[in-house]
Amino acid sequence: MTHSVDPARRKLLQFIAGTPLLPLAGGLAGMISNSVFAADLKAASVRFVPMAAPTLANPAEMATTTVKSSMVVNYSDGSSKTFRLGYKPFFITGDQVPDGKGGTLLAGGYYDIHHAPILNTNGQQFFSDCPDGSSLLTLPGAKVAGVKGHTVFAVVQFEYTSRAANGDDMYGKLPSPIAVLTLDQNPDTGELTLVQYHNVDTSPVQGLWITCGASLSPWNTHLSSEEYEPDAFKAAGDEQFQGYSQHLFGDPAKANPYHYGHLPEVTVHPDGSGSVQKHYCLGRISHELVQVMPDERTVLMGDDATNGGLFMFVADRPRDLSAGTLYVAKWKQVSGKGPGAGDISWIKLGHASSDEIKALVAGGIKPEQIMTVAFKDPGDASFTKIGFNGKPHWVKLQPGMEKAAAFLETHRYAALVGGSLGFSKMEGTTLNIADKRAYSAMSYVYKSMTDGSGDIHVEGPKAGAVYEHILQGGQQDLDGQPIDSEWVSTHMAPPAALVGEDLSKADALGNTAHADKIANPDNLKFSEKLRTLFIGEDSGNHVNNFLWAYNVDTRELSRILSCPAGAESTGLHAVDEINGWTYIMSNLQHPGDWESPLHDVVKETLDPLVRANYRDRFGAAVGYVTGMPELG
């Protein structure tokens, strides 16, 4: 049954001291008593009531997205109201979804450079089981047929597909699709409904490579990613890269590795279509989830790699990432205990425009023209030993190739000039504007962070941590030149509540990290109005991965969502306000991706349930967290 809502009461429900609530599912807003909301009632604080981790006592909860948490609003008069949370998917990948033209498209479907569907050995179109980064936004003048309420857009990218119908490993062998969803927002309930699915044409940028996390820029564009950039020195013999080239171009030798590992930017248009460009001047690294600062010029970038770095880009002009200066961080360790802490300074790698680096690639530059790389010790003092992807390399720069190296061989060059290339899987980065703090997820604190190969030598844990950055202005790089930004990281250390805990032996369910603490954080997003940091996991240490809410004032950590076993929490996007409503976007990928011994206890029970929920484990969910009032 649908209930109408008095407009005055709806506004009171939406705005609590300027903080809108999560959308109310099922039109239940109209069932709230008039006496609950008084005109002068204001919220003093918001907190999340955690849910317990699901167990085999209820296997169905372990085999799907489960939300049994609540949000409590405490009001200025001492009263409070509890809102039960839930989850709504827009689709499961592999669904047929409306194309806005009277037909349908395959959600998460793959296309080649000529826009033709890429088919598997059964003659059916491949579709992804790994939706990832998402953005939610509105545009002035938006008009899409079929929208009855407010027009809202979501951009969703699909990182990869795990396997083919014949069981072959397909990781990185298909060009990543990216879609613009047109959503119909119900003005009374905030509910979002899919109206149109538009597959963005990526042929102008030579296709997309392994798009992972994403963020929404301050100017309302979707900042994508291309992680684990293909190694140009090995691409010619790399089966994965050859497979990618074959599926995209129909030729295993046509793709150029230097076209990938950059930062794609998607612009949504008022008709629900989208277009994409790649910026070649933000470093060719394992871009994950970047954060643009309020100056609309400074970009803080994690690097999802072993022997990865912390990078920063300062654009020449606001709202324009086509030219600027690239820096790599230098870590000065001040504590080696646990995940450690460090003071951060910066090394300038170079200045470039996207066009000039792209011109180098179009001109056919080869990696050997940029530097010489030896994979075994050459016994030559003119080479410098560096750590690269967990292994030692020896590199020597070719004369005059500093700029090409900085922007096309960024990992090797950054290590060569003294950057701290010792981080391990630094994933999402997000920003707390009010406190001038940023947060970076270190999915695993191990390998290059614990062996001292890149300035960092800490203890762990393998379960990872979230580091807080202190951001300041008035900084200089290590050459003494001023950095033109007021949002420069100067110190990194994790809050105590955001450090995982390794277990000496697995618990009864199979977890190898404490189930009531974060493990292997990945996606991060911060809500200014809720004063809450949201954390999604990509853990090989939790049987089920979780979505967490961390209140930066109370330091309370609350589990708010559990993904199906074997899936990771992706696509996180916390949206403070769209037409009066707050949203938490949340996807999942590769449900039932069983690992041994982690899932040995649960696999036999959960595998048939996960297969039934997610297209025999070939599908995954794209959706958002919903909220509804606790009615007693």
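The single residue among LYS143, LYS148 that is more than 23 Å from ASP538 (Cβ to Cβ) and free of Cβ contacts under 8 Å to residues at least 60 places away in the same chain turns out to be LYS148.
Filtering segment 127-144 to residues that are open to solvent by 30 Å² or more (accessible area, probe 1.4 Å) and either among the aromatic types (Phe, Trp, Tyr) or within 30 Å of ALA165 (Cβ to Cβ) (or both) leaves only PHE127. Looking across segment 208-250, the residues that are more than 30 Å from PRO318 (Cα to Cα), out of contact with any Asp or Glu (no Cβ under 8 Å at 6 or more places or on another chain), outside any loop (DSSP other than H, G, I, E, B) and not aliphatic (A, V, I, L, M) come down to GLY237, GLU239, GLN240, PHE241, GLN242, GLY243, TYR244, GLN246.
Which of the residues belonging to segment 304-315 are part of a loop (DSSP other than H, G, I, E, B), out of contact with any Lys or Arg (no Cβ under 6 Å at 6 or more places or on another chain) and crowded, with 24+ Cβ neighbours inside 10 Å? Correct list: GLY309, LEU310. Taking first residues from segment 233-255 that are at pLDDT 95 or above and partners that are outside any helix (DSSP H, G or I) and open to solvent by 50 Å² or more (accessible area, probe 1.4 Å), the Cβ contacts under 6 Å between residues at least 6 apart in sequence or on separate chains come to GLN242/PRO252; SER245/PRO252; SER245/LYS254; GLN246/PRO252. Please verify whether ALA154 is closer than 30 Å to THR410 by Cβ and open to solvent by less than 30 Å² (accessible area, probe 1.4 Å), treating the condition exactly as stated. Considered against the rule, which asks whether it is closer than 30 Å to THR410 by Cβ and open to solvent by less than 30 Å² (accessible area, probe 1.4 Å), ALA154 comes out as no.
If you go through segment 337-383 and pick out every residue that is open to solvent by 30 Å² or more (accessible area, probe 1.4 Å), within 30 Å of THR490 (Cα to Cα) and either out of contact with any Phe, Trp or Tyr (no Cβ under 9 Å at 6 or more places or on another chain) or among the aromatic types (Phe, Trp, Tyr) (or both), you end up with 2.
In segment 610-627, the residue that is farthest from the chain's Cα centre (by Cα) out of those that are at negative phi and either open to solvent by 40 Å² or more (accessible area, probe 1.4 Å) or without any contact (Cβ under 8 Å) to a residue 24 or more places away in the chain (or both) is ALA612. Where strands (runs of 3 or more DSSP E) fall wholly inside segment 456-562, no range has 2 or more residues that are surrounded by fewer than 19 Cβ atoms within 10 Å (Cβ to Cβ) and basic (Lys, Arg).
Could you list all residues from segment 431-454 that are of a type outside the set (Ser, Thr, Tyr), part of a helix (DSSP H, G or I) and open to solvent by less than 10 Å² (accessible area, probe 1.4 Å)? Residue satisfying the conditions is MET449 alone.
The number of residues in segment 381-394 that are touching a residue at least 12 places away in the same chain (Cβ under 8 Å) and assigned to a loop (DSSP other than H, G, I, E, B) comes to 4. Suppose the filter is outside any loop (DSSP other than H, G, I, E, B), touching a Lys or Arg at 6+ places or on another chain (Cβ under 9 Å), among the aliphatic types (A, V, I, L, M) and over 19 Å from MET51 (Cα atoms); does ALA574 pass it? Yes, satisfied.
Is it fair to say ALA57 is at pLDDT 95 or above and over 30 Å from SER203 (Cβ atoms)? Judged against the criteria, ALA57 is a match.
The residues listed here are ASP593, ASP576, ASP600, ASP607; of these, the one that is among the acidic types (Asp, Glu), at pLDDT below 95 and on the phi < 0 side of the Ramachandran plot is ASP576.
For segment 112-126, which positions are surrounded by 14 or more Cβ atoms within 10 Å (Cβ to Cβ) and out of contact with any helix residue (DSSP H, G or I) (no Cβ under 9 Å at 6 or more places or on another chain)? Don't jump to the end; show me each part of the working.
Our first condition is that a residue be surrounded by 14 or more Cβ atoms within 10 Å (Cβ to Cβ); within segment 112-126, this holds for 112-113, 117-118, 120, 125-126.
Scanning segment 112-126 gives PRO117, ASN120, GLN125.
Taken over segment 62-89, residues that are under 30 Å from LEU606 (Cβ atoms), of a type in the set (D, E, K, R) and not in a strand (DSSP E or B) amount to 1. The single condition from (1) among the hydrophobic types (A, V, I, L, M, F, W, C); (2) in a helix (DSSP H, G or I); (3) without any contact (Cβ under 8 Å) to a residue 60 or more places away in the chain that ILE357 fails is (3). Scan segment 484-501 and give yes if some residue there is modelled with pLDDT of 95 or more and on the phi > 0 side of the Ramachandran plot, otherwise no. Checking segment 484-501: not a single residue is modelled with pLDDT of 95 or more and on the phi > 0 side of the Ramachandran plot.
Considering GLU537, GLU468, which residue is free of Cβ contacts under 8 Å to residues at least 40 places away in the same chain and in contact with a helix residue (DSSP H, G or I) (Cβ under 9 Å, 6 or more places away or on another chain)? Criteria check complete, one pass: GLU468. Looking only at residues in segment 243-261 that are in contact with a Ser or Thr (Cβ under 8 Å, 6 or more places away or on another chain) and buried (at least 24 other Cβ atoms within 10 Å of the Cβ), the one that is nearest to HIS222 (Cα to Cα) is GLY261. State whether the residues of segment 332-350 include one that is under 19 Å from LYS278 (Cβ atoms) and at pLDDT 95 or above. Within segment 332-350, one or more residues are under 19 Å from LYS278 (Cβ atoms) and at pLDDT 95 or above.
Report yes if some residue within segment 581-603 is in a loop (DSSP other than H, G, I, E, B), more than 17 Å from the chain's Cα centre (by Cα) and under 30 Å from VAL46 (Cβ atoms); otherwise report no.
no
There is at least one residue in segment 376-390 that is of a type in the set (S, T, N, Q) and at positive phi.
The set of residues in segment 410-420 that are open to solvent by 10 Å² or more (accessible area, probe 1.4 Å) and either assigned to a helix (DSSP H, G or I) or of a type outside the set (Gly, Ala, Ser) (or both) comprises HIS411, TYR413, ALA415, LEU416, VAL417.
The values are calculated or read from the model by the stated rules, or taken from the named source; none is laboratory data. Here the structure is a predicted model, which is why all the values come from computation and not from measurement. Neighbour counts are summed over all protein chains in view; Cβ atoms, including those assigned to glycine, are modelled from backbone coordinates with ideal geometry. These area figures cover heavy atoms from the full protein model, side chains too; ligands, DNA and RNA do not enter into them. Shrake-Rupley method; radii C 1.70, N 1.55, O 1.52, S 1.80 Å.
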